[in-house]
Amino acid sequence: MIVGIILSAGESSRMGTPKQLLPWGEKNILQQVLDNTSTSRLEKILLILGYRAEHIIDRINLSSRTHIVINNEYKKGMSSSVKCGIKNAPNDTEAFMLVLGDQPFINAAIIDKLIDCYHSGKHGIVIPVYDGKRGHPVIFDILYKDELLSISDQGAKEVINRHLDDILEVPVDSSNILVDIDTPQEYEKARIRFDSSNRTEV
């Protein structure tokens, strides 16, 4: 089984407020990420929270496949959340999909495409690519568990850089894999993009 690990424990220091709870249509950013993962074929999802966890928990709804894990070491950075998720994954996990909690544009279709590519190939690391640029989410086979548990400030990139021959790059037709939200300016730009796409769909 592939376990989705949603990394959402940070302090949102560049945003100045918990970015997980910023409005996103009729939801908030994190709820959109949760909905996207829960409608995908991920069999189990771990939501890693830390900073103001209780405040965030009160404002989200979880699917039956989604479970909250509290990272008490969130001040050490995103690497601590990666490790926290891996340590709490079930024993029958075959791979981890690292999902950023501030990427509400990543829909179930993209997630499922990466899952299909992981199952159909012999590559241990699966990364989406748009216009030659790598984005998220990323799948790591269980073979890299110990290495992921040993990463430092560079995060999972350390493991990627050590295993370049093990990577399967999956072309996608959406720049959404490159978009995350760290600052008020990025949020405003993303929100306008979201509103525009909704008007187009209508």
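So what is the relative contact order of region 2-201, in percent, for Cα pairs below 8 Å that sit 6 or more residues apart? Show your work: numbers first, answer last.
Values: 351 pairs, mean separation 48.5, N = 200.
Computed value for region 2-201: 24 percent relative contact order.
Bridges between two residues of the chain, per DSSP, are antiparallel at a rate of about 30%.
Please identify the longest segment of the chain free of exposed GluC sites (Glu not before Pro), where exposed means a DSSP state other than H, G, I, E or B and no more than 16 other Cβ atoms within 10 Å.
Answer from the scan: 95-202.
Summarised as an ellipsoid, region 83-202 has semi-axes of 27, 17, 14 Å, derived from the eigenvalues of the Cα gyration tensor scaled by 5 and square-rooted, with the largest first. Stokes-Einstein diffusion for the chain, with the hydrodynamic radius set to the Kirkwood value over Cα pairs and evaluated at 4 °C in a medium of 1.567 mPa s, equals 76 µm²/s. Peptides 170-179, 98-107 ranked from most to least packed by the mean count of surrounding Cβ atoms within 10 Å: 98-107, 170-179. A Cβ-based charge dipole, computed about the Cα centre of the chain with Lys and Arg at +1 and Asp and Glu at -1, lands at about 340 debye. Other residues with beta-carbon under 15 Å from the beta-carbon of ASP58 carry, at +1 per Lys or Arg and -1 per Asp or Glu, a net charge of +2. Pairs of Lys residues in the chain are counted when their Cα atoms are under 19 angstrom apart and they lie 8 or more places apart or on different chains; the count is 22.
Each other residue within a Cβ distance under 13 Å of ALA109 adds +1 if Lys or Arg and -1 if Asp or Glu, for a net charge of -1.
Return the loop-located trypsin sites (Lys or Arg not before Pro) in region 67-136 (DSSP other than H, G, I, E, B) with at most 13 other Cβ atoms within 10 Å of their own Cβ; answer none if there are none.
Listed in order of number, the matching sites are LYS122.
Laboratory data are not the source of any read-out in this text; all were calculated from the coordinates shown. Treat the numbers as computed from the prediction; the structure is a model and nothing was measured. Every residue, glycine as well, gets a Cβ built from its backbone with ideal geometry; the counts of neighbours run over all protein chains shown.
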